[in-house]
Amino acid sequence: MSLDDLVKGVQTIAVVCNQWGDTGKGKFSDYFASQWADVTARGTGGNNAGHTVVVNGRRKVFHLIPAGIASDSAGKITVLGNGMVIDLGVLGQELDELDAEKNSYNNLMISKDAGVIMPYHVAADKEDKSQKDGGIGTTGRGIGPCYTDKVARRGITIEDLFDKDRLSKKIERAKKAYPKQDINTDDVIDILIPLAERIRPFVRDTVSEMHRFLREGKKILLEGAQGLLLSVEHGIHPYVTSSDCSLNGTASGVGLSAKMIDLPLGIIKFPLMTRVGAGPFPTEIGGADSESYCSKEEHTLIYELITYGIPHQKIGNEIIYDKNDPRILEMINSSSEFIQGVGLRLAAREYGATTGRPRRIGWVDAVAARYAVGINGPLLVLTKPDSLSDAKEFKIAYGYEKEGKTSKTFSKSEKFLRGVTPIYKTYDGYGDISQIKEYDKLPLNLKQAIGDFESFTGGRVAVVSVGSDREETIIR
């Protein structure tokens, strides 16, 4: 099947994550934006998200602006929706980077109703940044406190920035909610006003604009943030983000109904999966040892490369190494689950785009995936199967065992998930698939695993990614 076949008769596409985020949404937002969409819009989260795009071998990370802006086609529209929370300083930095690269953003639209992350939000959020002593492990970017203010009806919106009296009154109200912060209203306003003036030309009633785009027949791509298992509605409390990053929340965050989405695509890392931060992870390779190890900020990519003797070099901000180094392959096939997890992390380069933290590594959880399919819909995109080239075997969990009883039902209960043992099916490994262009030419055992996964979850795999570049994509 071709891209034209996949999108035939489609006006709206949503790219969302069915796991814990970091699944490759950026690649597919860029893919559909460059090949198909007229409008790319994002409706949840803030600069706690990091979407990585690789075009012609060049790696670019976006934190606020939808990754679709990397498309160089003139006239495409990019929207920051009403459900987002925006750090004006970070947004300014991203605009500076686009200026430096001579990448136009004349068609950027920023919702007047989006929340504004204030300096006191960031200061308060740093208290939850650490994963030590039971900390949640937030990114420390002020996202949670900003959403808290929104729900408590004291939040500051983009529109408020252009009414100094109203802005001042709202900051004064905020002082009561943040007694630990030494908030000087005039100082905060002095910081915000120049940043606000820079974005003034782009501020719109984006909900009305989105409705107009629909009426005009424009092709609309919704770019999700984080993942379903981190959703404040559908994730595992308290280890969640502060917005609903399901299909429903993604649509609502730009002023649309989920019923308006013609082609919802749920992304799943396969056959490995990851999560960042603390919280239960039944299929984690290395278990509690891995969770504890990944909670320590010093365990960065550089640390692991040095510790395990992997040759590397640093060019600018990029760390370059051979992900197929024989030492990494040896680690992937190690009898030690902890070492195997580190090897898979290195092979898949699983380090946070926003935080740089090592991502926890596990085998794909089909029970959790079936839960996600029930919320985000049946169409699936599989990413990262190329990262397991030459692994001797891989596993998929099709159930849980607890106290002698088996279950094939996912639960949001931390107590339940901490106490289960995954029931795995083991598959033989496969070789390099990065040059394969057609689904039928994928290794037989990989296709068998995909078929089993579809049968169990009720999903249907529509796309398989075989590399990080937008062209390394198989449409099934």
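No lab work stands behind these numbers, since they all come straight from the coordinates. As the structure is a computational prediction, the values presented were derived from the model and not from experiment. Ideal geometry is used to build each Cβ from the backbone, glycine not excepted, and the neighbour counts take in all protein chains shown.
Details
- A simple count of charges around residue 236, restricted to other residues whose Cβ falls under 15 Å of its Cβ and scoring Lys, Arg +1 and Asp, Glu -1, yields -1.
- In terms of packing, defined here as the mean over residues of other Cβ atoms within 10 angstrom, the peptides 25-38, 457-470, 286-299 line up highest first as 25-38, 457-470, 286-299.
- For the stretch 9-267, the relative contact order comes to 32 percent (Cα pairs under 8 Å, sequence separation of at least 6).
- Inverting the pair-averaged 1/r between distinct Cα atoms of the stretch 361-416 gives 13.4 Å as its Kirkwood hydrodynamic radius.
- Sequence-distant lysines (8 or more away, or on other chains) whose Cα lies within less than 24 Å of residue 425: 269, 384, 392, 395, 402, 405, 408, 412, 441, 447
- Area projected by the alpha carbon convex hull of the stretch 270-475, averaged over all directions, nm²: 11.9 nm²
- Beta bridges by DSSP in the chain, antiparallel share as percent, to the nearest 5: 45 percent
- Furthest towards positive pole of dipole, 95, 48, 251, structure part the stretch 9-267, Cβ charges: 251
- Ranked list, fewest to most other Cβ atoms within 10 Å of each Cβ, for 417, 221: 417, 221
- Solvent-free Debye scattering, log10 I(q)/I(0), computed from the Cα coordinates of the chain at q = 0.08, 0.11, 0.13 Å⁻¹: -0.46, -0.89, -1.25
- Amide H contacts under 5 Å for residue 77, placed H, 5+ residues apart: 39, 40
- Percent of beta bridges antiparallel (DSSP, the stretch 346-476, rounded to nearest 5): 70 percent
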